[in-house]
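The values are calculated or read from the model by the stated rules, or taken from the named source; none is laboratory data. All values derive from a computational prediction rather than experimental measurement. Ideal geometry is used to build each Cβ from the backbone, glycine not excepted, and the neighbour counts take in all protein chains shown. Heads up: the accessible areas ignore ligands, DNA and RNA and are worked out on the full protein's heavy atoms, side chains in. Shrake-Rupley method; radii C 1.70, N 1.55, O 1.52, S 1.80 Å.
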Amino acid sequence: MGRAFQNRKESMAKTAGMKTRLYSRYGKEIYICAKNGGVEPDGNIALKHLITRAKKDQVPAHVIEKAIDKAKGGGGEDYEGARYEGFGPNNCMLIVDCLTDNVKRTYTEVRQAFVKNDAKLGGPGTVAHMFDHSAVFVFEGDDDEAILEALMMADVDVTDVEVEDGLTSVYAPHTEYNKTRTALIDTLGDIEFKVENISWVPQTMTEISDAEQIEQFDKLVAALEDCDDVQNVYHNAEVVE
């Protein structure tokens, strides 16, 4: 279903533990977004879109409200972003984005996840140059030429438009997120986005088909996502079973 789906781990909160981690991650992100850009969604477009995404992932209203209320207080935790890069089975590449109030703790947890699963943690820039930091939108439709023309008319610096299995995927530089989203809504009207986020999209994919490597990869991603400070795990692995 296109690179966006290859690269994105769906937020399918099937257990209480997964739901708790999902709510925690959204809570941190909403808190920081509101603290830095203002607590009113109408005046903070990034916050407005983030709340919309949280609701789509079935994050309860009280979790969203608590994060915004905390930001209103002006104090609270002092989170900062941390990014780690490395290699997994068959030399597939991973980017791990975190929000943390203790970088040393986060680094230790991420490093252990790599080491315990026979993966290699690299330095900054080790693999990021093989990914595009992109605004990604996926929605139902198959007229890629019309979408591309509309985006160009709106002066959006679109990177690519792909159609596969009845879904259209639009890629643009991450700085063009709001502009791209507005242009798509103006063109298509009441559109339901399957995906609307800023993501690290791989330029090439690495196939993993060996059963042992697939198991190793799944354990590595699960271990990373179990870390409380990890917000997102991006990779270029294409699992072929």
*Hey, what do the phi angles of region 189-203 turn into as Karplus ³J(HN,Hα) couplings, whole Hz, using 6.51/-1.76/1.60 and θ = phi - 60°, x for Gly and Pro?*
x, 6, 9, 9, 7, 6, 9, 8, 7, 9, 9, 8, 9, x, 7
*At a 1.4 Å probe, what is the % contribution of carbon and sulfur to the accessible area of the chain?*
47 percent
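Using alpha-carbon pairs under 8 Å, 6+ residues apart, how would you state the relative contact order of the chain in percent? Write down the numbers at each step before the final one.
Values: 403 pairs, mean separation 59.5, N = 241.
This gives 25 percent for the chain.
As a check on your grasp of the helix formula, calculate [θ] at 222 nm for the chain: sum -39500 (n - 2.57) over DSSP H runs of n ≥ 4, divide by the residue count, round to the nearest 500. Don't skip to the answer; put the middle values down first.
Working: 8 runs with 103 residues, N = 241.
For the chain, the value works out to -13500 deg cm²/dmol.
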*Compute the separation of the alpha-carbon centres of region 160-187 and region 64-117 and state it in Å as a whole number.*
28 Å
*Peptides ranked, highest mean first, by Cβ atoms within 10 Å: ranges 41-53, 128-140*: 128-140, 41-53
*So how much slack lies between Ala222 and Asp190, counting 0.36 nm per residue of separation and subtracting their Cα-Cα distance, in nm?*
8.0 nm
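Between Lys56 and Asp210, take the C-beta separation as r, use R0 = 25 Å, and let me know the FRET efficiency to the nearest 0.05. Present the calculation step by step, with values, prior to reporting the outcome.
On the way: r = 35 Å, r/R0 = 1.40.
Efficiency for this residue pair is about 0.10.
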*Taking Lys55 as the anchor, which lysines have their alpha carbon closer than 29 Å to its alpha carbon, excluding any fewer than eight residues away along the same chain?*
Lys9, Lys14, Lys19, Lys28, Lys35, Lys66, Lys70, Lys72, Lys179, Lys194, Lys219
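For the chain, what is the accessible area per residue in Å² when the probe is 1.4 Å? Kindly include the intermediate steps, with their values, before the conclusion.
Details: 12730 Å² over 241 residues.
Normalised by residue count, the accessible surface of the chain is 53 Å².
Note the full-extension length gain between Asn91 and Asp144 as 0.36 nm times their separation in residues minus their Cα-Cα distance, in nm to one decimal. Numbers along the way, then the final one.
Values: separation 53, 0.36 × 53 = 19.08 nm, distance 3.31 nm.
Roughly 15.8 nm would be gained on extension.
As a test of reading the structure, rank Tyr23, Tyr84 by solvent-accessible area (1.4 Å probe, protein chains only), most first. Walk me through the intermediate numbers first.
Details: Tyr23 60, Tyr84 25 Å².
Result of the area sort, largest leading: Tyr23, Tyr84.
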_Quick query: amide H of Ile95 versus all other amide H atoms, modeled in the peptide plane; which residues come in under 5 Å with a sequence gap of 5 or more or a different chain?_
Tyr234, His235
